[in-house]
Amino acid sequence: MSIKISTLLKKIDLLNSKENATVIIDFYNYIQDKGSSENHIINNLKVIIEYVSYLNETKLYDVDKKEHIITFLNIKIKDGLIDPEKRWITTWNHYLNRLKLFFRWLHNYHKTHLQISYPVMMEVQMKIGLRRILSK
């Protein structure tokens, strides 16, 4: 059974950090206005909500090192006995791509809409030059 956008929006309201919740709602409005499909919106929101839940009280603006993201992504790595075909790589890459999209948006949103420069966000953009894990 697939999840609905309304359910995800309720989950956003339950997040510990209201500042992060506001940022996610702004991102949701952006991808909705852009004409993204419902599945694309759902996939992005699920990953971002999970990441913010992982951060707990840490603000998205405080994510300034790729290690903050890598530690989250590495939770998706499964042991070879549990996943001998290494299907976790697809999940890891999926989460990476969603997070890269989000952080690009976050950087550009502040640069254009709020007229604020966040050099830290730019640094994250450069450092997030994380590469996808290639499967065989």
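Rule-based calculations on the coordinates, nothing more; no lab input. Source: prediction; values computed, not measured. So basically every Cβ, Gly included, is an ideal-geometry build from the backbone, and we count neighbours across all protein chains shown.
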Restricting to lysines and to Cα separations under 21 Å from residue 66, and discarding same-chain partners fewer than 8 apart, the set is 46, 76, 78, 100, 111, 127
To the nearest 0.05, the calculated FRET efficiency linking residue 14 and residue 37 through their beta-carbon distance, R0 being 25 Å, is 0.50
One finds, for residue 94 and residue 30 with R0 = 22 angstrom and r their Cβ-Cβ distance, a FRET efficiency to the nearest 0.05 of 0.65
Given Cβ charges of +1 for Lys and Arg and -1 for Asp and Glu, the option among 96, 9, 51 whose Cα lies farthest towards the positive end of the dipole of the range 5-127 is 96
